[in-house]
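Structure first, then comments.
The values are calculated or read from the model by the stated rules, or taken from the named source; none is laboratory data. Nothing here was measured: the structure is a model prediction, and the numbers come from that model. Cβ: placed from backbone, ideal geometry, glycine included. Neighbour counts: every protein chain shown.
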Amino acid sequence: MTRRLLMLLVLAAALVVGGCGNKEDTRTFAATEGPYLDVGDLKYQVQISRLLNPADIDDANNLRNLPAGTLPPKADEAWFGVWIRVENTDSEKPLPTATQFQIRDTQGNVFKPYAQVRNAFAYTPIEQLKQGEVLPDPNGPAGFSPIQGSLVLFKLTYETLQNRPLVFSITSPSNPSDVGRVNLDV
């Protein structure tokens, strides 16, 4: 009788522990690019980050339609891109996507996105990302590209590129205290 009771208790404990594995943890920090971050009720993924070369055809396309009067980077600066993907997988209601991003280096220097670029590859926030939708649109140029992400453009100093890790932050538009962070692979 005792042996049966012990077996039942072990089996019950295994079921309880096994059931706990079905619940996904909320992730607001990633040590590297790739994992999804939970920011508000949306999932954000940094696809890739890298320096941009304006002489390269692909990068020249990414830098098209900068605001009038945009100056090229100074001798100690470079264009830097972070490509992100946003998904509404959990919420049944449409949600706004983030409008606030920043990069911080180990010296405390903070960089905001350079400008709202207006081209097919640039990240453009939307007010209502419906359940099951993805930004960028998988059928659009950014979503159909090999990166499958939208560009958030920065102008960084070369000194900052040495002060790693660079931490990219995404702030929820509905709750500013809800921030996702990822170390960029520079």
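See the values below:
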| read-out | value |
| --- | --- |
| Residue list for region 166-180, filter: in contact with a Lys or Arg (Cβ under 9 Å, 6 or more places away or on another chain) and outside any loop (DSSP other than H, G, I, E, B) | 167, 168, 169, 170, 180 |
| Residue within region 107-114 that is more than 20 Å from residue 178 (Cα to Cα), modelled with pLDDT under 95 and surrounded by 15 or more Cβ atoms within 10 Å (Cβ to Cβ) present | yes |
| Pairs with Cβ under 9 Å, 6+ apart, first in region 83-105 and crowded, with 19+ Cβ neighbours inside 10 Å, second among the acidic types (Asp, Glu) | 86/133; 88/41; 88/133; 95/41; 95/127; 97/127; 105/159 |
| Residue ID - modelled with the highest pLDDT, chosen from residues in region 139-165 that are assigned to a loop (DSSP other than H, G, I, E, B) and either within 16 Å of residue 42 (Cβ to Cβ) or among the small types (Gly, Ala, Ser) (or both) | 149 |
| Among (1) at pLDDT 95 or above; (2) closer than 28 Å to residue 162 by Cα, the one test that residue 43 misses | (2) |
| Condition met for residue 143 (of a type outside the set (Ser, Thr, Tyr), under 21 Å from residue 89 (Cα atoms) and touching a residue at least 24 places away in the same chain (Cβ under 8 Å)) | no |
| Among residues of region 103-138, those that are in contact with an Asp or Glu (Cβ under 6 Å, 6 or more places away or on another chain) and either part of a loop (DSSP other than H, G, I, E, B) or more than 26 Å from residue 29 (Cβ to Cβ) (or both), counted | 1 |
